[in-house]
Amino acid sequence: MNVHLESTTDAASPSMTTAAAAGKICSRLVYRHTWPIRIMHWVNVVALSIMFFSGLQIFNAHPSLYWGNRSDPGKEILSLDARRDANGQLVGVTRLGRHEFITTGVLGVSDGPDSTPRVRGFPSWLTVPGSRWLAMGRQWHFFFAWIFVLNGLCYLGYSIAKKHLQRDLIPTRADWRGIGRSIVDHLKFKHPHGAEALRYNILQRLAYLVVIFVFGIGVVLMGLAMSPRLDAVLSPLVEAVGGRQSARTIHFIIAWGFVAFVLIHVFEVLISGAFNQLRGMITGWYKVDLTPPADTVAADAEKDHD
């Protein structure tokens, strides 16, 4: 997902500062996200979503992963398969290496539109544009893949030109020194207040850098490496990752890496103030609470007492 922070910190007025120091509720709106960042963020949300769901439909055509250049039976790393039990009922089976799991109803076997169990890697409700429409699924996937690439290039160009990448994403020495504290705060679900809330911490910076430069670039390169038509151009890349089937496996893993990032991202949005976060990404305006947290007020009071 595109990084979407471009913060501007305005100096608080004396009355605001006094109110905050007194522990009174005081807040102000800050124009946090410029319109190009907001547009690129939501374009990416749509593109990644459709790429993921159409990608699962493509995967269903051969729901197995391999390593190397060949897809030999019995050599699967991951397989979403089905078999019949003693009563003749379809049973979904997920095989991961030598381990086997019964996943009927979710993976391998799931209900079709008529509620009849059918052999299918991922269930139909996770695939677009249709459960059996492979050709259109490929067209949707490639079309939105190009939107994803072009949007990503626009984002990188804009971020470099506006110093957003250098200022807001690349960790500073102070960020690295505070990584331990940042980990503890995240585990305790503690979030910064005031002007500090406008700045990414070290974990956020590292997460966004990985998503942009590892997941983003990696998923595109592995997608290209799977194409037989690009062998002449990308043969060194295909060989470097171990073969076309290896590229497909890496592509699949990165796609689920995006899912993990999005789930964590949405969770953080929800627990840190969903309305305020969404307003910032829709309108650009983000409310900053100038009232210091209770523990900060107590600490300052104790310091003044000493």
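Among Leu209, Leu150, Leu187, the largest mean-square fluctuation in a Gaussian network model of the chain (Cα springs under 10 Å) belongs to Leu187.
Once backbone amide H atoms are built at 1.01 Å from N, Leu78 has Leu65, Gly97 as its partners under 5 Å, excluding neighbours fewer than 5 places away on the same chain. Largest to smallest in accessible area, the residues His62, His186 fall in the order His62, His186 (1.4 Å probe, all protein chains included).
Measuring with a 1.4 angstrom probe and ignoring ligands and nucleic acids, Leu153 comes out at about 110 Å² accessible.
In this structure the amide hydrogen of Arg120, modeled in the peptide plane, comes within under 5 Å of the amide hydrogens of Gly108, Val109, Ser110, none closer than 5 places in sequence on its chain.
Across Gly243, Gly180, Gly130, mean-square fluctuation computed from a Gaussian network of the chain (C-alpha pairs under 10 Å connected) peaks at Gly180.
Each label was represented as a point 7 Å from its Cα along the Cα-to-Cβ direction; for Val269 and Ile77 these points are 3.0 nm apart.
Taking 7 Å steps out from each Cα toward its Cβ at Phe213 and His191 produces label points 2.8 nm apart. Computed over the chain, the quotient of the alpha carbon radius of gyration and 2.2 N^0.38 Å is 1.25. The label point for Ile160 and the one for Ile183, both projected 7 Å from the Cα toward the Cβ, are 3.3 nm apart.
In square angstrom, what is the accessible area per residue of the chain with a 1.4 angstrom probe?
In whole numbers, the chain has 57 Å² accessible per residue.
Under a Gaussian network description of the chain, with springs only between Cα atoms under 10 Å, the residue in Gln166, Gln139, Gln89 that fluctuates furthest is Gln89. Using a cutoff of 8 angstrom between alpha carbon atoms and counting only pairs six or more residues apart, the relative contact order for the chain works out to 26 percent.
Calculated [222 nm] ellipticity per residue, helices only, for the chain: -16500 deg cm²/dmol; basis is -39500 (n - 2.57) per DSSP H run with n ≥ 4, divided by all residues, nearest 500.
Cβ-Cβ distance of Ile170 and Val119, R₀ of 51 Å, FRET efficiency by 1/(1 + (r/R0)^6): the value works out to about 0.60.
Computed about its Cα centre, the charge dipole of the chain is approximately 640 debye, with only Lys, Arg, Asp and Glu carrying charge at their Cβ.
Positive end of the dipole of the range 23-91 (Cβ unit charges, origin at the Cα centre): among Tyr66, Asn87, Ser49, the Cα lying farthest that way belongs to Ser49.
Heavy-atom accessible area, probed at 1.4 angstrom with all protein chains present, ranks Glu196, Glu239 as Glu239, Glu196, highest first. In the chain, the portion of solvent-accessible area held by carbon and sulfur atoms comes to 66 percent [1.4 Å probe, whole percent, DNA, RNA and ligands not counted]. In the context of the full protein assembly, Thr283 retains an accessible surface of approximately 60 Å², using a probe radius of 1.4 Å and ignoring ligands and nucleic acids.
The values are calculated or read from the model by the stated rules, or taken from the named source; none is laboratory data. The shown structure was predicted, so the numbers you read here are calculated from the model rather than taken from an experiment. Don't worry about glycine lacking a Cβ; one is built from the backbone with ideal geometry, like all the others, and counts go over all protein chains shown. Heads up: the accessible areas ignore ligands, DNA and RNA and are worked out on the full protein's heavy atoms, side chains in. Shrake-Rupley method; radii C 1.70, N 1.55, O 1.52, S 1.80 Å.
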